[in-house]
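Q: I am attaching a structure below and will ask some questions about it afterwards.
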Amino acid sequence: IPKMLPQLDVTNLSIIGSRIKRLTNIKNKGILLRVMHGDIYSGTRLKKFGMTESDTCPRCGESEDINHQIMNCPYTKVIWDIVSFITGIPHSNLSTILGNDIRHNKASLALNAEIIKILLAIDRPTQNQGQIILKILERLSYMEKGVSKYECKQLIKQLNTHLTFAGSS
């Protein structure tokens with residue numbers, strides 16, 4: 001049995017797993033399942049296996065475990081706040097990011113998978129977080145079967161409204 005992350009409620013793993021398995025994009029499905037099972041190379045794992053000398057986060061300098069990398073880094077918190085704003089789904093813990101919320105649909109779950117892929121990328125994004133999410137939403141309608149163009153356009157519209165509002169203040 002794989003070592004699960006402490007933030008995941010074991011009773012909800014089957015619900016989360018079934019939602020993830022409904023995704024058709026294999027990369028999105030794969031990354032969410034790897035996160036669910038704790039199979040992500042963060043700074044602490046890389047140091048443990050002798051692949052790096054430091055376990056610090058390249059964004060903020062704190063110790064980097066999987067929870068920090070995906071949820072607790074100040075950089076990632078901003079991204080999840082934007083995603084929460086446009087989807088209406090709170091992203092307070094890893095369980096809700098992976099799909100343990102009745103409001104998750106294919107579009108929001110695929111969006112979360114794409115963001116996690118960016119957060120785990122070696123080259124840390126230097127763009128504005130809102131612009132990163134906007135580019136992801138523009139790709140989703142043709143990457144994930146079952147994610148309607150209407151859903152993506154609605155999310156893009158909400159994000160553009162948020163970015164316009166944030167830029168004017």
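Q: Counting just the residues of segment 21-35 that are under 15 Å from Ile70 (Cβ atoms) and among the aliphatic types (A, V, I, L, M), which one comes out most open to solvent (accessible area, probe 1.4 Å)?
A: Leu33
Q: Here is a list: Ile31, Ile89, Ile40. Which entry is in a loop (DSSP other than H, G, I, E, B), closer than 20 Å to Ile133 by Cβ and not small (Gly, Ala, Ser)? It would help to see each step written out before you state the result.
A: Working: Ile31 fails: in a loop (DSSP other than H, G, I, E, B); Ile40 fails: closer than 20 Å to Ile133 by Cβ.
Sole residue among the options that is in a loop (DSSP other than H, G, I, E, B), closer than 20 Å to Ile133 by Cβ and not small (Gly, Ala, Ser): Ile89.
Q: Residue check: is Ile20 without any contact (Cβ under 8 Å) to a residue 60 or more places away in the chain and closer than 29 Å to Ile156 by Cβ? Let's see the steps before the verdict.
A: Working: without any contact (Cβ under 8 Å) to a residue 60 or more places away in the chain: no; closer than 29 Å to Ile156 by Cβ: yes.
Spelling it out, it is not the case that Ile20 is without any contact (Cβ under 8 Å) to a residue 60 or more places away in the chain and closer than 29 Å to Ile156 by Cβ.
Q: Can you name every residue in segment 100-125 that is of a type in the set (Gly, Ala, Ser), modelled with pLDDT under 80 and in contact with a Leu (Cβ under 8 Å, 6 or more places away or on another chain)?
A: Narrowing segment 100-125 to residues of a type in the set (Gly, Ala, Ser): 107-108, 110, 113, 121.
With the extra rule that they be modelled with pLDDT under 80, the set shrinks to 107, 121.
Listed by number, the list holds a single entry, Ala107.
Q: For segment 36-67, which residues satisfy the criterion of being crowded, with 20+ Cβ neighbours inside 10 Å and more than 30 Å from Tyr150 (Cα to Cα)? Before the answer, list the steps.
A: Filtering segment 36-67 down to residues crowded, with 20+ Cβ neighbours inside 10 Å leaves 36, 42-43, 57, 64, 66.
Scanning segment 36-67 gives Ser42, Gly43, Cys57, Glu64, Ile66.
The values are calculated or read from the model by the stated rules, or taken from the named source; none is laboratory data. Small disclaimer: the values here were computed from a predicted structure and weren't measured. Positions of Cβ are backbone-derived with ideal geometry, glycine not excepted, and every protein chain shown enters the neighbour counts. Accessible surface is based on the protein model in full, side chains and every heavy atom, while ligands, DNA and RNA are left aside. Shrake-Rupley method; radii C 1.70, N 1.55, O 1.52, S 1.80 Å.
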